[in-house]
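Written below as structure tokens is the structure these notes are about.
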Amino acid sequence: MKYLIIGSCIAAAGAVEGIRSIDPEGEITVIDGEQRGCYSRPLISYYLTGRRTSSQLDYRPADFFAQQRVRIIPGRAASIDVICKQVLLQDGTGLEYDRLLLATGASPVIPPIPGITQSWVNTFYTWQDAEEISAQTAAKGTAVVLGSGLIGLKAAEALHHMGMKVVMVEKQSHILPRLLSPRSAAAVGGHLQRHGLKVVTGHEVVAVGNHEVAVDDGSSIAADLLIIAVGTRPNQDLAREAGLQTDRGIIVDCHLRTSDPHIWAAGDVIESRHIVRGTDEVMALLPLAHREGFIAGLNMAGSRTRYPGGIFLNAVHILGMHIITAGDPETTGSILRWQEGERCLELTMQGQNLHRYIAINIPGISGPLTALIERQVKIPESEWFKFLRNPAIANLPAAYWAEVRRWQDDGSLRCG
Ligand SMILES: Cc1cc2nc3c(=O)[nH]c(=O)nc-3n(C[C@H](O)[C@H](O)[C@H](O)COP(=O)(O)OP(=O)(O)OC[C@H]3O[C@@H](n4cnc5c(N)ncnc54)[C@H](O)[C@@H]3O)c2cc1C
């Protein structure tokens, strides 16, 4: 059996592990577009500040692909011939497959702002971006970060650590708009400002000049570096041009197979099931990319394993503040809140079901709350009040502990 994987990062590593757990002999080839092997993007901010070395970015040991007897082909796939079952690389090489995985991830969105393609403007997405920014920031100065999502925040923190003056410009009314509510965002924004970062919300950058950024209120910011972090988009052109079904991401079935029976897809490039919303979403998250890759790999090797779906779950540590949020970011419902200084918790309930939580500086409770969302355990609001007076594991509602006992009895807490 000839397995071919386009992309060499998280979903690809999961797929190799999935295939090898069933098929120790098959021939696996990975097309490594970045020529960097498998590394962890969330760590590039630490690489930029020198807190991690290049090898410490690795998601798997450096000899992982060799150990798994995987042939690595440096280069980029240019097209897929689904009739001949062949992938053509940009240099003209053809690679045949019996089973193909698209693990091509996503790329940063570049907004159509006049002047945005200048050399002092960067994205913050790859190890190469980190190296280019590092070369540009030797002189310190001011950095403007466009967008205040997770990636923008990580970039801002790194540049602040490097001694730059940082201004974040967010067009929505509050920072981390996809993850936080306005009140929890105010707590995070206050924290950033106390550390000396400037946060401008409700405004857009409308033009980029010579080391100058024009804002829609008529003001301008002199800057040495501009980082674009306004979102990402799945790399699905190969799939679309090959005639596979796509929408906001590649469409897959519950076995992560695309509309072509010989092609699977996993990671940031697909739409997958959000188990609370019951809809298919692009969920660009590292743990999901690995799990999807693993299950796609099992199925490529002949298994019929269902992918159960996932939820949005983000954990970010920013200038000493721990922010964890999970569930449906767009949910509406009744909100239960607790706050004490810089620690706060927000639960959004739909009837008796927890649909989302935001926990700031309360890291220990994320496991149980995430499990309650994933399993949609019913708990009346009144049972949350003791926990909300003191959000500690011991004060979780009695219904949670009853569920844990049930999970123990039915074996669903067992690993493997
Ligand atoms: C700064 C930053 C911080 C992040 N922080 C978090 C976090 O805290 N938590 C979290 O869950 N997630 C985080 N993420 C997201 C996480 O990194 C992604 O969800 C994960 O990397 C997705 O893995 P993937 O394998 O699907 O795609 P990727 O890691 O993007 O890998 C896809 C690979 O395919 C290659 N490729 C694309 N097209 C081709 C082609 N035609 N030919 C050959 N190769 C190709 C790409 O170059 C890339 O190397 C962060 C991302 C960034 C950038």
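Any read-out appearing in this document is the output of simple, stated calculations on the displayed coordinates, not a laboratory observation. Bear in mind that the values here come from a model prediction, so they are computed numbers and not experimental data. All Cβ positions, even for glycine, are placed from backbone atoms using ideal geometry, and neighbour counts span all protein chains on display.
The table for this structure:
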| quantity | calculated |
| --- | --- |
| Compactness index (Cα Rg / 2.2 N^0.38 Å), the range 121-228 | 1.01 |
| Which of L197, A207, N299, positive extreme of dipole for the range 185-336 (C-beta unit charges) | N299 |
| R0 of 25 Å, Cβ-Cβ distance R183-Q376: FRET efficiency to nearest 0.05 | 0.50 |
| For T123, T332, order by how many other beta-carbon atoms lie within 10 Å, fewest first | T332, T123 |
| Reachable lysines from K165, criterion Cα separation under 26 angstrom, eight or more residues apart if same chain | K140, K154, K198 |
| Reachable lysines from K386, criterion Cα separation under 17 angstrom, eight or more residues apart if same chain | K378 |
| Relative contact order [Cα under 8 Å, 6+ residues apart], the chain, whole percent | 15 |
| Local electrostatic count at G249 - Lys and Arg +1, Asp and Glu -1, tallied over other residues with Cβ under 14 Å | -4 |
| Helix-derived mean residue ellipticity, 222 nm - over the chain, DSSP H n ≥ 4, -39500 (n - 2.57), to 500 | -7000 deg cm²/dmol |
| Positive-end extreme of charge dipole, the chain - chosen from T348, T332, A130 (charges on Cβ) | T348 |
| Computed Rg/Rh of the chain, alpha carbon atoms with Kirkwood Rh | 0.98 |
| FRET efficiency, E340 to H161 (Cβ-Cβ, R0 22 Å, nearest 0.05) | 0.20 |
| Extended-chain gain in nm, criterion 0.36 nm per residue less alpha-carbon gap, Q90 and I22 | 21.3 nm |
| ³J(HN,Hα) computed for each position of the range 315-329 - Karplus, 6.51 cos²θ - 1.76 cosθ + 1.60, integer Hz, glycine/proline x | 10, 9, 10, 10, 6, x, 9, 9, 10, 10, 9, 8, x, 9, x |
